[in-house]
Structure formats: structure tokens, C-alpha cells
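Trainee: After the C-alpha cells below, expect a handful of questions from me.
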Amino acid sequence: MGDSIPTVDDVVAADPDISFDGDQLSILSQDSTVQVLPWPVCFLYAGRPAFSIMLNAPSPELALLTARQMADRFNQQAANFGHQPLMTAQGGFCPPSSG
């Protein structure tokens, strides 16, 4: 696998605290009394867009904070999938691929 880009399914498969239904990603342990809305987040692998998701959070800032924490968790699991720990996150949708 080496420098191939992992999929969202790869990185959430082993994490019981994350739910991904194909469109939206949710943290299962989130406080149900707080209103959350979907915010777009782009995950990058080695600086290249890997996938965009809608992350449920109370604000775009908290969505990005959560996404960066998730990227850290994904990086901890990266070796299990044969990937380098090079996942990062940024706010908004990933740009369309040119290839």
C-alpha cells in the first residue's frame, strides 16, 4: 500500500467511537443535549485531498478541532493498514481531483 491514499472506510473501521453512514461521520460519544449541525471537512493524506465528509458538531471550529483529533487517531491506526501516518484535516470540502 505504501503511499496510497486510505479511504474513509479504512480509517474508521477499527474505531468504535466513530460512526460513518456513507455521507456523514458522527462521534458516538457526543453529548445529546448539544445541538449539532453538519459541517464539511476535508481529510488530506500526505498533503493530497483524500476524502470529504460532513462532520456533525456545534460549530465549524469544533468540527475542525474534532477532525484534527480524528486525524491524529487515524494516524495512530495508519500502520495497521500499511500507510504512513500522514493524515491531516482542514475545514471545507476537498477540491475536486484533477485526475
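The values are calculated or read from the model by the stated rules, or taken from the named source; none is laboratory data. For clarity, every value in this text was computed on a predicted model and none was experimentally measured. All Cβ positions, even for glycine, are placed from backbone atoms using ideal geometry, and neighbour counts span all protein chains on display. What goes into the accessible areas is simple: the full protein's heavy atoms, side chains included, and nothing from ligands, DNA or RNA. Shrake-Rupley method; radii C 1.70, N 1.55, O 1.52, S 1.80 Å.
Trainee: At 1.4 Å probe size, with the rest of the protein present, what percent of the exposed accessible area of segment 30-99 is carbon and sulfur atoms?
Mentor: Solvent-exposed carbon and sulfur of segment 30-99 make up 56 percent of the total.
Trainee: Find, among the chymotrypsin sites (Phe, Trp or Tyr not before Pro) in segment 46-99, those assigned to loop by DSSP (not H, G, I, E, B) with at most 15 other beta-carbon atoms within 10 angstrom.
Mentor: Filter output for segment 46-99: F93.
Trainee: Between F51 and residues 5 or more places away or on another chain, which pairs have amide H atoms under 5 Å apart, with H built 1.01 Å from N, and which residues are they?
Mentor: F43
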